[in-house]
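Note sheet for the following structure.
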Amino acid sequence: MQFQQLQYFVAVAETRHFTRAAERVHVAQPSLSQQIKALERELGADLFLRARGNITLTDAGEALLPLARRILADADTARHEVQELAQLRSGRVRLGATPSLCTGLVPDVLRAFHDRYPGIRLLIEESGSHDLVRDLARGALDLALVVLPLPTPSPALTTVELLREDLVVVSSPDAPAPGRGRRTVRVPDLEGERLVMFRHGYDLRELTVAACRAEGFEPDFAVEGGEMDAVLGFVRAGLGVAVVPRMVATGSGRGLRVTPLARPGLHRTIALAHRSDVAPPRAARELQRMLLER
């Protein structure tokens, strides 16, 4: 049974005339008649009673007609939905990002993407790079913004460097300024400070702790275990200082003193990652383009 044969059958059933049916489906009448006969042979039953000037459905034809209409309608729906996806009018993008990027970079890009493609659903997974790499590998994400180098290098992932961002020290304006009030702070100056520290597995935690240990001291934690919003809130409350991306610090509004780190400072490299063995969906590729061109 062929899809085209069902189209011809429904056209004859609705017009009760082979010639008019052929005109409706834009095919020669003999070709339409041949396909109807082939369908009847396939089904093993006549579908029409053919009397001169009078075409009626047989019992088999009556049984097939609602099924054929449903099949054609489903096919039309499938065609429409695929076209919607192809033209970026519907669908979804699953984007993973570290919490700091969800606070800084991601909102503006997602707003621009949503303005251009309002029918695309945006699903955001906020986590550390380690978890995002795992979710990418198992197909739970289309794209992820991760911090390089990856915690576990994976040949199954393709990464494209997006930006290199400075880290800064944030503190409460009501507390003494870090580094004895100098305009910049060196990593060794953090030895005398109590730090508000992120949870385990957080990229900024690993980077900050490694930098302190490279200077020969263990950082002193006033509070630890928070996500980005919680860390910034604890700093505003005067519980300690924190090392955060400049983008986050400048976008966090009032209530924070921002002190740059003296050269060479601390930096992090952000990359856009996706699986190497599977091309991202069309909508995800468009978001990828907007991130790379931002």
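The values are calculated or read from the model by the stated rules, or taken from the named source; none is laboratory data. Keep in mind it's a predicted model, so treat the numbers as computed, not measured. With ideal geometry, Cβ positions are generated from the backbone for all residues, glycine too; neighbour counts draw on all protein chains shown. In case anyone asks, the SASA skips ligands and DNA or RNA and just uses the protein heavy atoms, side chains included. Shrake-Rupley method; radii C 1.70, N 1.55, O 1.52, S 1.80 Å.
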Looking only at the range 244-260, how many residues end up being in a loop (DSSP other than H, G, I, E, B), open to solvent by 30 Å² or more (accessible area, probe 1.4 Å) and among the hydrophobic types (A, V, I, L, M, F, W, C)?
0
Do you know which residues across the range 266-294 are buried (at least 17 other Cβ atoms within 10 Å of the Cβ) and within 30 Å of residue 190 (Cβ to Cβ)?
266, 268, 270, 271
Residue under evaluation residue 104, criteria (1) crowded, with 18+ Cβ neighbours inside 10 Å; (2) more than 30 Å from residue 268 (Cα to Cα), criterion not met:
(2)
If residue 77 passes every condition in (1) open to solvent by 50 Å² or more (accessible area, probe 1.4 Å); (2) under 30 Å from residue 205 (Cβ atoms); (3) among the β-branched types (Val, Ile, Thr) but one, which one does it miss?
(2)
Among the residues of the range 1-35, write down those that are over 51 Å from the mean Cα position of the chain (by Cα) and either closer than 24 Å to residue 74 by Cβ or surrounded by 14 or more Cβ atoms within 10 Å (Cβ to Cβ) (or both).
17
Of the residues in the range 36-69, those that are outside any helix (DSSP H, G or I), of a type in the set (A, V, I, L, M, F, W, C) and surrounded by 10 or more Cβ atoms within 10 Å (Cβ to Cβ) number 6
Condition first: closer than 16 Å to residue 4 by Cα and touching a Phe, Trp or Tyr at 6+ places or on another chain (Cβ under 7 Å). Now tell me which residues in the range 65-89 satisfy that.
68, 75
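Counting only residues that are of a type outside the set (D, E, K, R) and under 26 Å from the mean Cα position of the chain (by Cα), which one in the range 190-210 is farthest from residue 176 (Cα to Cα)?
Among them, the one singled out is 201.
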Kindly list, by first and then second residue, each pair from a residue in the range 56-70 that is closer than 10 Å to residue 13 by Cβ and among the aliphatic types (A, V, I, L, M) to a residue that is open to solvent by 70 Å² or more (accessible area, probe 1.4 Å) and part of a helix (DSSP H, G or I), limited to pairs with Cβ atoms under 7 Å and residues at least 6 apart or on different chains.
none
Are there any pairs with C-beta distances below 9 angstrom linking a residue in the range 163-179 that is part of a loop (DSSP other than H, G, I, E, B) to a residue that is open to solvent by 10 Å² or more (accessible area, probe 1.4 Å) and small (Gly, Ala, Ser), with the two at least 6 apart or on different chains, and if so which?
172/237; 172/238; 172/240; 172/255; 173/255; 174/238; 175/238; 175/240
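Quick check on residue 92: is it open to solvent by 80 Å² or more (accessible area, probe 1.4 Å), closer than 30 Å to residue 248 by Cα and touching a residue at least 24 places away in the same chain (Cβ under 8 Å)?
The answer is yes for residue 92.
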Residues located in the range 70-124, provided they are over 22 Å from residue 150 (Cβ atoms), modelled with pLDDT of 90 or more, in a helix (DSSP H, G or I) and of a type in the set (Val, Ile, Thr):
71
In the range 184-206, anything part of a helix (DSSP H, G or I) and crowded, with 17+ Cβ neighbours inside 10 Å is listed as 187, 189, 190, 203, 204, 205, 206
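Filter the range 117-149 down to residues that are touching a helix residue (DSSP H, G or I) at 6+ places or on another chain (Cβ under 8 Å) and open to solvent by 30 Å² or more (accessible area, probe 1.4 Å) and give me whichever is farthest from residue 283 (Cα to Cα).
Across the range 117-149, the extreme among qualifying residues is 126.
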Quick count over the range 156-183, residues being surrounded by fewer than 17 Cβ atoms within 10 Å (Cβ to Cβ), in contact with a Gly (Cβ under 9 Å, 6 or more places away or on another chain) and within 24 Å of residue 105 (Cβ to Cβ), is 1
Suppose the filter is open to solvent by 20 Å² or more (accessible area, probe 1.4 Å) and either part of a helix (DSSP H, G or I) or among the β-branched types (Val, Ile, Thr) (or both); does residue 263 pass it?
no
Does the range 228-245 contain at least one residue that is at pLDDT 90 or above and in contact with a Gly (Cβ under 6 Å, 6 or more places away or on another chain)?
yes
